[in-house]
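These notes are about the structure you will find just below.
Each value in this text was obtained by applying a stated rule to the coordinates, not by laboratory testing. If you're wondering where the values come from, they're calculated on a predicted model, not measured in any experiment. Glycine also receives a Cβ, built like all others from the backbone with ideal geometry; neighbour counts cover every protein chain displayed.
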């Protein structure tokens, strides 16, 4: 039996999980990748390095995120539709703290080189981003 999740259940899934699948698409192909994230203040915050998904999201900021967990023999799955936004300055620093506390239980430490060590426009350049959520749906099955 499948049932819809209400807003509180959707937020419970988003708050309890650390990993999701992000789908993006340029004009020719879809692309889905696993991400680590934190849900905060109505948005999804994540980090990555410059690469294929960043190039695609810069070209087309519309994305889809799937978050799921398995409890007591049932799946809870949440689908988010939203838009990609790169963060910088204080917004980026605040997001790093949120991410590191949620993912690593640390203050401001994420598993990549610090900004001051990585040259700008390098392949290793850290990108901190926010997905501005436009729509949330959820199911349990």
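Once the chain from residue 12 to residue 32 is taken as fully extended at 0.36 nm per residue, the excess over their C-alpha distance is 4.9 nm. Here 56, 1, 71, 136 are placed in order of increasing Cβ neighbour count within 10 Å, fewest first, which gives 1, 71, 136, 56.
Fewest to most neighbouring Cβ within 10 Å: what's the order for 59, 93? Can you show the working numbers first?
Working: 59 11, 93 14.
The fewest-first ordering by Cβ neighbours comes to 59, 93.
The alpha carbon gyration tensor of the stretch 3-140 gives principal lengths a ≥ b ≥ c with a/c of 1.5 or higher and a/b no greater than b/c, which makes the shape oblate.
If R0 is 22 Å, what FRET efficiency do you get for residue 105 and residue 40 from their C-beta distance, rounded to 0.05? Show your work: numbers first, answer last.
Numbers: r = 16 Å, r/R0 = 0.71.
The formula returns an efficiency of 0.90 here.
Kindly work out what percent of the DSSP beta bridges joining two residues of the stretch 3-140 are antiparallel, to the nearest 5.
Details: 44 of 44 bridges.
Expressed as a percentage, antiparallel bridges in the stretch 3-140 total about 100.
Dividing the summed -39500 (n - 2.57) terms of all DSSP H runs of n ≥ 4 by the residue count of the chain sets its mean residue ellipticity at 222 nm at -7500 deg cm²/dmol. Between 33, 63, 97, the GNM of the chain built on Cα springs shorter than 10 angstrom shows 33 fluctuating the most.
Between residue 83 and residue 62, the modelled labels are 1.1 nm apart [label points 7 Å from Cα along Cα→Cβ]. If you run the Gaussian network model on the chain, springs between alpha carbon atoms under 10 Å, then out of 85, 11, 29 the most flexible one is 29.
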